[in-house]
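What follows is a single structure, written as structure tokens, with notes after it.
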Amino acid sequence: MPDVAPTDCDAKSVLDEPGEGRSVRTYASHRIVFAQGQPADAVFYVQRGRVKASVVSPNGKEAVIAIVGSGEFFGEGCLSGQSVRMMTATTISPCSAVRIEKRAMIRLLHEHSAFAETFLAHVLARKIRIEEDLTDHLFNSSEKRLARVLLLLANFGKEAAPEPVIAKLSQQTLADMIGTTRSRVSFFMNKFRRLGFVQYRRGAHGDMRVDRSLLNVLLHD
């Protein structure tokens with residue numbers, strides 16, 4: 001029988017089963033799942049919603065290092081020897097997530113090969129994303145960085161089908177993600193809206209539609 005590549009379904013099917021050390025947590029928008037400096041004792045798997053991972057420097061400056069969506073893990077640093085959280089995880093939309101205690105997560109990885117492959121694929125994808133983010137910050141303008149973030153949030157360029165309607169993020173959060181000021185984000189978002197690259201949907205909880213034509217910003221020198 002030919003090998004079957006692991007998918008998110010492998011993780012979901014395992015986590016849907018009842019088991020020791022696993023529990024489902026639900027959160028409203030803008031709730032802290034865990035805070036920087038707290039004990040690192042569990043991994044989380046997002047079933048629904050989005051979570052912002054951010055780091056605050058000693059002088060109070062915040063940087064957003066990732067936005068995690070459905071079918072993704074976060075908090076996996078506890079598996080690599082981190083005793084305390086190096087970041088704060090905050091929901092940016094209503095969210096449900098499976099909390100897997102560290103010991104239970106290690107047991108799952110040992111006992112379920114398909115689940116372990118899915119988790120490894122997640123870790124490798126996260127590594128590639130970090131490398132791409134670094135390259136983006138080093139070589140691209142803030143306008144291109146903003147366009148790329150919006151397209152990634154809408155799943156353009158990923159294997160999964162695009163989801164052009166995304167939860168509207170605050171301009172400050174977008175600024176923290178791309179390393180610029182809120183005023184610059186405001187300027188570029190107004191420009192994108194005038195050009196039809198993004199549209200704000202009325203009566204839809206502030207949702208935003210990202211048009212594929214936003215790719216033109218990345219392709220333009």
Which members of segment 69-99 meet the condition of being closer than 17 Å to Val24 by Cα and among the β-branched types (Val, Ile, Thr)?
Thr90, Thr91, Val98
With modelled with pLDDT of 95 or more and within 26 Å of Thr135 (Cβ to Cβ) as the only criterion, which of Met105, Met87 stands out?
Met87
Scanning segment 64-93 for residues that are part of a helix (DSSP H, G or I) and among the small types (Gly, Ala, Ser) gives Gly77, Ser80
Take Ser23 and tell me if it is part of a loop (DSSP other than H, G, I, E, B), modelled with pLDDT of 90 or more and of a type outside the set (Lys, Arg).
no
Residues (under 19 Å from Gly71 (Cα atoms) and either in a strand (DSSP E or B) or assigned by TED's automatic domain parsing to the domain that holds Gly179 (or both)) located in segment 35-55
Ala42, Val43, Phe44, Tyr45, Val46, Gln47, Arg48, Val51, Lys52, Ala53
Pick from segment 99-108 the residues that are assigned to a helix (DSSP H, G or I) and either in contact with a Leu (Cβ under 8 Å, 6 or more places away or on another chain) or outside the structural domain of Gly81 (by TED's automatic domain parsing) (or both): which of them is surrounded by the most Cβ atoms within 10 Å (Cβ to Cβ)?
Met105
For a quick check of your reading of the model, give me the residue pairs whose first member lies in segment 114-135 and is in contact (Cβ under 8 Å) with a residue 40 or more places away in the chain, whose second is crowded, with 16+ Cβ neighbours inside 10 Å and of a type in the set (S, T, N, Q), with beta-carbon atoms closer than 9 Å and at least 6 apart or on different chains.
none
Please go through segment 171-204 and pick out each residue that is among the hydroxyl-bearing types (Ser, Thr, Tyr) and within 23 Å of the chain's Cα centre (by Cα).
Thr173, Thr180, Thr181, Ser186, Tyr200
Residues (surrounded by 18 or more Cβ atoms within 10 Å (Cβ to Cβ), modelled with pLDDT of 90 or more and farther than 19 Å from Lys61 by Cβ) located in segment 152-202:
Phe188, Met189, Phe192, Phe197, Val198
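The values are calculated or read from the model by the stated rules, or taken from the named source; none is laboratory data. Here the structure is a predicted model, which is why all the values come from computation and not from measurement. Don't worry about glycine lacking a Cβ; one is built from the backbone with ideal geometry, like all the others, and counts go over all protein chains shown.
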